[in-house]
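Visitor: Okay, handing you the structure first.
The values are calculated or read from the model by the stated rules, or taken from the named source; none is laboratory data. As the structure is a prediction and not an experimental result, all values here were calculated from the model. Cβ sites come from the backbone with ideal geometry, for glycine too, and all protein chains shown count toward neighbours. These area figures cover heavy atoms from the full protein model, side chains too; ligands, DNA and RNA do not enter into them. Shrake-Rupley method; radii C 1.70, N 1.55, O 1.52, S 1.80 Å.
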Amino acid sequence: MRLTKMMWGLVVLPLTACSNPAEGLKAQQNPAPTNGYIITLDATAAPGSVVKPSASVSFEDKWSGSECMPKSPPLVEWRMPWQSVEVPLKEVAPNVFEGVVYTDWMKDEKYFKKGGLCAWTMNTINAGFLGQGGLGFGVGLGYPELKDGASDTMYYLVADFTATKEGRMYPFAYSVPTNDFKDLENSYVNDKSKYFPIYLRARVLPGAPGLTVEEEFNQRVRR
């Protein structure tokens, strides 16, 4: 099952409880990103109008190597910094929303006095909305899939669209694995009419180079 995080603005999460240098890091956004993708959140199959559509993209700098962070004390392993940026969405059709993400959205800098260059790489694009009962529905694209024409599909129970959070551990609807709709013989999905799909698609922003996350990262750090 997949839970989608609804994240707003540039946020910083605490990473460890052991005086991690990354705690409190306020990474800067690149003022002139170039490798852009248009993302489309498509909920036209939902059984009603969706509420509060949102999207975010997360970044981490683990690909830049341990040089980014100061050397950790013995028996201590610091996690690399992680950041999230909100992706503004606009409605382009009923229950269809679009936004733009950039794989080079974060600014590479030496953020720590005793560390090397922190070179950011995109990790995951998350998008979703609330159903009419208040539950969250989400879908995501990870960096390995991101390219022109990339897409992901998640299936949810129609009944959850109007269900409330009462009695649930988390305020999210649980998705059904996509493979369960391809292999019904070995699936517990016995009635497809009880489910609806939501889609997240990506296409290259006109004029952008259309590099994959790995291609863009390698090109940037080798300049």
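Visitor: Could you do me a favour and compute the accessible area per residue for the chain, 1.4 Å probe, result in Å²?
Guide: Details: 11890 Å² over 223 residues.
It amounts to 53 Å² per residue over the chain.
Visitor: For residue 132 and residue 86, compute 0.36 nm times the residue count separating them, minus their Cα-Cα distance, and round to one decimal in nm. Present the calculation step by step, with values, prior to reporting the outcome.
Guide: Values: separation 46, 0.36 × 46 = 16.56 nm, distance 2.26 nm.
My answer for the length gained is 14.3 nm.
Visitor: Ignoring everything but the protein chains, give the 1.4 Å probe accessible area of residue 54 in square angstrom, nearest 10.
Guide: Surface accessible to solvent at residue 54 totals approximately 10 Å².
Visitor: What Kirkwood hydrodynamic radius do you get for the chain when you take the inverse of the mean 1/r over all pairs of distinct Cα atoms, in Å? Each step should come with its number before you reach the end.
Guide: Values: mean 1/r = 0.0528 Å⁻¹.
Hydrodynamic radius (Kirkwood, Cα only) of the chain equals 19.0 Å.
Visitor: Could you name the lysines in cross-link range of residue 192, using Cα to Cα under 20 Å and dropping any fewer than eight places away on the same chain?
Guide: Counting by Cα, and skipping residues close in sequence, residue 192 has these lysines nearby: 182.
Visitor: At a 1.4 Å probe radius, carbon and sulfur cover how many percent of the accessible area of the chain? Before the final figure, lay out each step's value.
Guide: Details: 6110 of 11890 Å².
On the chain, the fraction of accessible area on carbon and sulfur atoms equals 51 percent.
Visitor: Follow-up. Towards the positive end of the charge dipole of the range 9-111, with charges on Cβ (+1 Lys, Arg; -1 Asp, Glu), say which of 70, 53, 31 has the farthest Cα.
Guide: 70
Visitor: Here is a follow-up. Rank these by accessible area, largest first, 1.4 Å probe: 44, 178. Don't skip to the end; give the middle numbers.
Guide: On the way: 44 80, 178 40 Å².
From most accessible down to least: 44, 178.
Visitor: Just need the relative contact order of the range 102-173 here, percent rounded to a whole number, with Cα pairs under 8 Å and 6+ apart. Mind dumping the intermediate values first?
Guide: On the way: 92 pairs, mean separation 18.9, N = 72.
Reported as a whole number, the value is 26 percent.
Visitor: Something else about it: Efficiency by 1/(1 + (r/R0)^6): what FRET value for residue 113 and residue 153, r their Cβ-Cβ distance, R0 = 41 Å, to the nearest 0.05?
Guide: Working: r = 46 Å, r/R0 = 1.11.
With R0 = 41 Å, the Cβ-Cβ based efficiency is 0.35.
Visitor: Enumerate the calculated ³J(HN,Hα) couplings along the range 119-136 in order (Karplus 6.51 cos²θ - 1.76 cosθ + 1.60, θ = phi - 60°), each rounded to whole Hz, writing x wherever the residue is Gly or Pro.
Guide: 9, 7, 9, 5, 10, 9, 9, 10, 9, x, 6, 9, x, 6, x, x, 6, x
Visitor: If you don't mind, there's one more thing I want to ask. How large is the dipole of the chain about the Cα centre if only Lys and Arg carry +1 and Asp and Glu carry -1, each at its Cβ, rounded to the nearest 20 debye?
Guide: Numbers: 23 positive and 24 negative charges, 120 e Å.
It works out to roughly 580 debye.
Visitor: Moving to a separate point now. Would you calculate a helix-derived [θ] at 222 nm for the chain, using -39,500 (n - 2.57) for each DSSP H run of n ≥ 4 and dividing by the full residue count, to the nearest 500?
Guide: On the way: 1 runs with 9 residues, N = 223.
It lands at -1000 deg cm²/dmol.
Visitor: Put 110, 194, 71 in order of accessible area, largest first, 1.4 Å probe: what do you get? Walk me through the numbers before you get to the answer.
Guide: On the way: 110 145, 194 110, 71 185 Å².
Most to least solvent-accessible, the answer reads 71, 110, 194.
Visitor: Taking a 18 Å limit on the Cα-Cα distance, which of the listed pairs 71/114; 26/52; 26/147; 26/71; 26/90 fall beyond it?
Guide: Working: 71/114 8 Å; 26/52 27 Å; 26/147 29 Å; 26/71 20 Å; 26/90 27 Å.
Check vs 18 Å cut-off fails for 26/52; 26/147; 26/71; 26/90.
Visitor: How high is the FRET efficiency between residue 23 and residue 191 when r is their beta carbon distance and R₀ equals 45 Å, given to the nearest 0.05? Numbers along the way, then the final one.
Guide: Working: r = 49 Å, r/R0 = 1.08.
According to the calculation, E is roughly 0.40.
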